Amino acid sequence: MRQIRNASDTTCKQLLRDEECFADLCNYAFFQGRQVIKPEELVSRENDLSTLTGNIEKPTEIKRYRDVVRKASIHGDYVIIGVEHQSTFDKNMIFRILNYDATTYINQVESKKEVYPVGSFVFYTGDEEWKLPETLKETLKSIPSEMEPYINDWRLSVIDLKTMDARKLMNRRLRDVVEINQSMFAGSYEGLRENRKIETESFMMAATFTRTNIRREDLPEGDEINMCKAMDQLFQRFENQGIEKGKLNTLKELLKVKLGTLSSPLEKQLTNTSLEKLNVLILNIFNINSEEDVLKIIN
């Protein structure tokens, strides 16, 4: 699971490293798709939020890393935008965002430079609906009624990939990734098989977000693919895998009848054997009297 999350995080950072994708996602998150933030007015920022706490004699360094951080100019005024990618639930997400934003403010104050406002949101690509509290007060166990007006709140904005309105997205790559993801999550073959061209990299990004087992070699060659052709080719591979799995199970049963049992190493080797060699084994099933006979055919 950790490896899957890392792949998804890496893909998100790759997607949002594109300034047009980043600006488009932020415009969706903050302005319902209105093109307020311009790609050419973005400035990259270091995502290391290290700060020192504690007394002067024994300071403690706290390191935090935001997924993607940029400074944007909006009508001439700067704001710092942080995007956190999540592919799984984190019940402490509101505290993480609060910590990131507060540390960003502290670092600006300590640098003795102008303090810019900070805006953050979560880009969620998980397959379950996000149902966690989206404000600090909702997360807290209880607040005495007399103290409620004096407890500062903190809002957590979550953009869920599955429910985004792709019509509000202007960037082609981001829109393609969102639409393909939504079709994959919904299991909509027809939605994927539209006769249109997309970048191969966008398709692979969507496959990573949905944890779909698609390899680059499963798709037509080139930087751009026709979705109709690509899905036909992909489903042919899945069909072949189904045939291969069926033949493998049948062959194992036949070998157990012939040999009485199969060793674990041989079962493992059969699992990795090509469909062509499985066919040869089936044709020679009556000539096989030992595991050595099997190995001579598949090796």
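Miscellaneous remarks
- Sole exception among (1) surrounded by fewer than 18 Cβ atoms within 10 Å (Cβ to Cβ); (2) within 16 Å of the chain's Cα centre (by Cα); (3) at pLDDT 80 or above; (4) more than 23 Å from Glu129 (Cβ to Cβ) for Arg211, by number: (4)
- Being in contact (Cβ under 8 Å) with a residue 60 or more places away in the chain and open to solvent by less than 70 Å² (accessible area, probe 1.4 Å) holds for only one residue in Leu174, Leu192, and it is Leu174.
- Taking every residue in segment 8-22 that is over 12 Å from Met205 (Cβ atoms) and pairing it with any residue that is open to solvent by 50 Å² or more (accessible area, probe 1.4 Å) and in a helix (DSSP H, G or I), at least 6 positions away or on another chain, the pairs with Cβ-Cβ distances below 8 Å are Glu19/Glu40.
- Restricting segment 264-299 to residues that are in a loop (DSSP other than H, G, I, E, B) and within 15 Å of Asn249 (Cα to Cα), the residue that is most open to solvent (accessible area, probe 1.4 Å): Asn272
- Among residues of segment 65-105 being open to solvent by 20 Å² or more (accessible area, probe 1.4 Å) and among the small types (Gly, Ala, Ser), the one that is farthest from the chain's Cα centre (by Cα) is Gly76.
- Count - residues of segment 128-165 that are open to solvent by less than 40 Å² (accessible area, probe 1.4 Å) and under 21 Å from Asp9 (Cα atoms): 8
The values are calculated or read from the model by the stated rules, or taken from the named source; none is laboratory data. Keep in mind that this is a model prediction, so the values were computed, not measured. When we count neighbours, we look across all protein chains shown, and the Cβ atoms used for this are built from the backbone with ideal geometry, even at glycine. Surface areas here come from the heavy atoms of the whole protein model, side chains and all, with no ligands, DNA or RNA. Shrake-Rupley method; radii C 1.70, N 1.55, O 1.52, S 1.80 Å.
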